[in-house]
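One structure below.
The values are calculated or read from the model by the stated rules, or taken from the named source; none is laboratory data. Just so we're clear, the structure is a prediction, and the values are computed from it rather than from any experiment. Every residue, glycine among them, receives a Cβ derived from its backbone with ideal geometry; neighbour counts consider all protein chains shown. Remember, those area values only see protein heavy atoms, side chains included, never the ligands or the DNA or RNA. Shrake-Rupley method; radii C 1.70, N 1.55, O 1.52, S 1.80 Å.
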Amino acid sequence: MQQELAIEMKNISKSFGPLKANDNINLSVREGEIHALLGENGAGKSTLMNMLSGIYTPDSGTIRIHGSEVHFSSPKESIKKGIGMIHQHFKLVDVMTAKENIIIGQPTSIFVRGKALSKKVKELSDQYGLDVDPDKKIYEMSVGEKQTLEIIKVLYRGAKILIMDEPTAVLTPQEIKKLFRVIRNMKEQGCAVVIITHKLNEVMEISDRVTVLRKGQSIKTVETKSVEVSSLIEMMVGKKVDLSIEKKRFTEHRPLLSLDEVTVLDKEGKNALSNVSFTLNSHEIIGVAGVAGSGQKELCESIAGLVKTEKGRIYFEGENLVGKSPRDIIRLGIRMGFIPEDRLGMGLVGSMDIVHNLVLKDYQSQSGILLQRGPCVKKAEKIVEELDIQTPSIYTPVQKLSGGNVQKVLLGREIDSEPKVLITAYAVRGLDIGASYKIYDLINEQKARGVGVLFIGEDLDVLMDLCDKVIVLCHGEITGIVDPSKVSKEDIGLLMTGKQDGEVSA
């Protein structure tokens, strides 16, 4: 039996000045279907869904919801039609609680009693297998908790069509599994779910059908079960892509960064890192593997001076960094690039353009009381060109760029500062295939120049292909430091669960 169409978009076009984001795109999504929208950064995926959610108005074309033609002029009208969109960058007020964020903007919000709202939130959480504390402040939440809250927000408003823009870009593998259970529950209840993503393995796992966009045009819609991954890549990119990572070995090495029994405490006073010791050399990429919350974040932030080191020493070219603030580290002339996990929360200021985000990095090294923008303008132009960043202008606020392009701005800025050590936390989250492999090439270029790279990643295949060594963390402790050419993924997987084996360690 043919399912009814929940969404039908025909010949949709949308331009922003000279940039044609959508060019006669067609998309249909059935009720009770999980539909993946696939394409490279800047292919027009988010723009198309922003028109469906009432944020933009199409220049031409028609939109039908459950068979009826609609003309949205605001998100409010889209919400009334049962459409809920979860954006890649969360739309939450940090100083408010979870339940306050859920009801904000709703006309009945002032009449809702706190206990009744908490009960409703908990009922939704139980129904869909979600987990959120209604009274927790947003600034106290992890990235995964914020994502969960965004889902509850649209469910509370009665959404039957759910649009998710890169929903797994900032989630751990465990959180992704929970999210997929929620999505399947919604499908079983007749909801239509559209997922914008770059992750082909997730497309193959969760979706029923896939629509591929390229350069603002719809290329093809296919049944997921009858298509090969290689075909999807070719449709996305327009050509066959070599998915191999070159690993060069260098004989010249000198110690750059050494950790000696470093211990870091979490907010509850428990060990987030316990006696972590290793050395990162020049011309070397060391990967860090581990399940969620194994200490990866604390490892990065302790080196960068963002969290206190309770015990141990961190040497950078012989200088002990422990006890020094990030500003102290900069004043010492230590060049260290740091790409945090939450790129718009910690890495960049979303309301600022590319130029001023570069100024933020450079202002402390400038002499005099007046900031010199000229060098940053030239740097911005260079980064946009070299990394193929899709942006109307270097003066466009970075929060208006697609997630992949935001990541390119951040990585480009850090590399431009010519660090001796580059720390990357989930550097390719939210990036498409082509952009991800461009990042891997950039990291290899840094390695060839003598930079030491600490690469925190989730994809074990990439860690093994890219890195010279892999450090495995479990509950804040190192369970193994291995040579990926001498071990299997299964060996690393065992170490990630805390099972240490002398034969595995290299």
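Brief remarks on what is shown
- Net charge over other residues, Cβ less than 10 angstrom from the Cβ of Gly238 (K, R count +1; D, E count -1): +2
- The range 179-299, relative contact order [Cα under 8 Å, separation at least 6], %: 14
- The length gained by stretching the chain between Leu332 and Lys270 to full extension, at 0.36 nm per residue less their Cα-Cα distance, is 19.2 nm.
- Three-way shape call for the range 1-122 based on the alpha-carbon gyration tensor, with the a/c threshold at 1.5: prolate
- In order along the range 279-284, phi translates into HN-Hα couplings of 10, 9, 9, 5, 6, 9 Hz, rounded to whole numbers, per the Karplus curve 6.51 cos²θ - 1.76 cosθ + 1.60 with θ = phi - 60° and x for Gly and Pro.
- Longest site-free stretch - the chain; sites: GluC sites (Glu not before Pro), DSSP loop, at most 16 other Cβ within 10 Å: 32-227
- Leu410, Leu265, reordered so the largest accessible area comes first (probe 1.4 Å): Leu265, Leu410
- CD proxy at 222 nm, helix term only [per DSSP H run n ≥ 4: -39500 (n - 2.57); per residue of the chain; nearest 500]: -9500 deg cm²/dmol
- Rh (Kirkwood; distinct C-alpha pairs) - the range 375-441, Å: 12.3
- Nearest 10 degrees, 0 to 90: helix 374-386 Cα axis against the chain principal axis: 70
- Shape category assigned to the chain from the gyration tensor of Cα positions, a/c cut at 1.5: prolate
- Bridge type composition, the chain - antiparallel percent by DSSP, nearest 5: 55
- The alpha carbons of the range 204-323 give a radius of gyration and a Dmax of 22.2, 57 Å, in that order.
- Projecting the Cα atoms of Ser485, Ala435, Pro397 onto the charge dipole of the range 383-506 (Cβ charges, centred on the Cα centre) puts Pro397 farthest toward the positive pole.
- Accessible area (Å², per residue) of the chain, counting only protein heavy atoms and a probe of 1.4 Å: 47
- Note, ³J(HN,Hα) from phi for the range 322-330, Karplus 6.51, -1.76, 1.60, rounded to Hz, x at Gly and Pro: 4, x, 9, 7, x, 5, 4, 4, 5
- Pairs from Lys225/Lys297; Lys80/Lys400; Lys91/Lys239; Lys178/Lys469; Lys137/Lys178; Lys45/Lys136 whose Cα-Cα separation, in the structure shown, is over 27 Å: Lys225/Lys297; Lys91/Lys239; Lys178/Lys469; Lys45/Lys136
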